[in-house]
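Asks: This is the structure I want to talk about, given as C-alpha cells.
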C-alpha cells in the first residue's frame, strides 16, 4: 500500500511539473508588451493540454500493452517530451533577454524573438531525433597488465542500453548485430538495459542476438531496466538466444577473467564488495568486470579488477540532462578513465530512454583493442 501511494505521489509530481512547463510555453507565446496582445487560438490551448498529459498516459499504456497504436502514441509523446526540454530552455532564454533589454530601456519585439528561439529549439530537437538513430563505432585501445598472450592485439565489442521496447525493437537490434559482426570481435559484452522494461515479447525481441558469435564468447549482465521487477523473462530470452548471462560469476576465457555482476547486486558498496569477494577475483591476472552502471568503481578496484565495462549514463542524452549526468558520474560518465590500478570504460549506449533524442552525445558500439 505504501509503495502504491508513493507511486501515485510520484506520478502526481511529474504530471504537475509537465503541466507547469507547458503553461510556461503558453504564457511565453502569448505574452506581449504591446496593446495588441497575442491571442492564442483554441486549438493551441487544446493541443498543449493534451501534450501536457501525453507522456504519462503513453507510459502507463506502454507498461501494459503492445501493438502498433500504443507504439505510435508512445513515440509521439516521447519525441514531444524531448522537444519540450528545448522549448522550455528557449522560453527561459526569451525571458532573460526581455529582462536585460527592459532594464536597459530597449524596445524589443518580444513575440518575434520568441518565434525565433522556438524555431531554433524545434530545429535542434529534430536534429537530435535523427542523431539518436545514427549509431557510431567508437574505437579505443586498452592496455592491461598481465594480459594473456592469447588476448594481445585482440578485440572485444561493448554494447549497452539498447532499450528495446516501443521506440526501438527487433529491427534496431538486427542493425546493431550486423554492425558488431562486421568488426569480427573476439568477445562481445552486453552491459545491460537491453530492454526498456515496457511491455514486449522479450523472446522475439532478443532473437537477433542468436546471430552474435565470437571466439571467446558473448556475455550479458542485467541492467536496472531488466530489474524493475522480476527479470527472469528477460534473462530466459537472452539465454535462449545463445548468450551467456553472467549472474555474480566468473568465466575463464583463454586466461582472461570475465566477471559479471548484474545491476541489483552492484548498487551498494558493501554488497558489491561481498559479491566480488565471493567470486574470487585473482588480482595477479588480468580481468574484466561487466556491470551495468559505473556507480562504485572504487570497490572493483579494491577487489583487484583490471578493467570495468559499463553503460547506464547515456551521458544524459541531451542538454540539460547531460549536465546532470556529468555532475553525478564525473570522470566516469563516459569513455576510458582510471581509478588506482583499474581502468573503467563507460559507454554512452546504443539506444535511448524516454525521448529518442541525442544532442552532444552519440549512440555507439564500442570496439576495444587489448594491448
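Asks: Using the structure shown, decide if residue 188 is touching a helix residue (DSSP H, G or I) at 6+ places or on another chain (Cβ under 9 Å), crowded, with 21+ Cβ neighbours inside 10 Å and in a strand (DSSP E or B).
Replies: Spelling it out, residue 188 is indeed touching a helix residue (DSSP H, G or I) at 6+ places or on another chain (Cβ under 9 Å), crowded, with 21+ Cβ neighbours inside 10 Å and in a strand (DSSP E or B).
Asks: Yes or no: residue 348 outside the structural domain of residue 72 (by TED's automatic domain parsing) and not in a helix (DSSP H, G or I)?
Replies: yes
Asks: Please find, among 308, 298, the residue that is in the same structural domain as residue 249 (by TED's automatic domain parsing), touching a strand residue (DSSP E or B) at 6+ places or on another chain (Cβ under 9 Å), assigned to a helix (DSSP H, G or I) and modelled with pLDDT of 95 or more.
Replies: When all the criteria are applied, what remains is 298.
Asks: Additional query: State all residues of segment 313-333 that are surrounded by fewer than 23 Cβ atoms within 10 Å (Cβ to Cβ), touching a strand residue (DSSP E or B) at 6+ places or on another chain (Cβ under 7 Å) and in a loop (DSSP other than H, G, I, E, B); if no residue qualifies, say none.
Replies: 333
Asks: Could you look through segment 121-142, keep only residues that are surrounded by fewer than 14 Cβ atoms within 10 Å (Cβ to Cβ) and over 22 Å from the mean Cα position of the chain (by Cα), and pick out the one that is farthest from residue 160 (Cα to Cα)?
Replies: So, considering only residues that are surrounded by fewer than 14 Cβ atoms within 10 Å (Cβ to Cβ) and over 22 Å from the mean Cα position of the chain (by Cα), the one farthest from residue 160 (Cα to Cα) is 123.
Asks: Do we find that residue 174 is under 21 Å from the mean Cα position of the chain (by Cα), surrounded by fewer than 17 Cβ atoms within 10 Å (Cβ to Cβ) and at pLDDT 95 or above in this structure?
Replies: yes
Asks: Scan the strands (runs of 3 or more DSSP E) fully inside segment 217-283 and keep the ones with 3 or more residues being crowded, with 21+ Cβ neighbours inside 10 Å.
Replies: Here the list reads 218-220, 256-260.
Asks: I want to confirm something. Restricting to segment 84-96 and keeping residues that are surrounded by fewer than 20 Cβ atoms within 10 Å (Cβ to Cβ) and touching a helix residue (DSSP H, G or I) at 6+ places or on another chain (Cβ under 9 Å), which single residue is farthest from residue 198 (Cα to Cα)?
Replies: 95
Asks: What is the residue count in segment 97-148 for residues that are closer than 17 Å to residue 29 by Cβ, in contact with a helix residue (DSSP H, G or I) (Cβ under 7 Å, 6 or more places away or on another chain) and not in a helix (DSSP H, G or I)?
Replies: Of the residues in segment 97-148, 1 are closer than 17 Å to residue 29 by Cβ, in contact with a helix residue (DSSP H, G or I) (Cβ under 7 Å, 6 or more places away or on another chain) and not in a helix (DSSP H, G or I).
The values are calculated or read from the model by the stated rules, or taken from the named source; none is laboratory data. What you are looking at is a predicted structure, and each value in this text was computed from that prediction instead of being measured. No Cβ is skipped: glycine too gets one built from the backbone with ideal geometry, and neighbour counts run over all protein chains shown.
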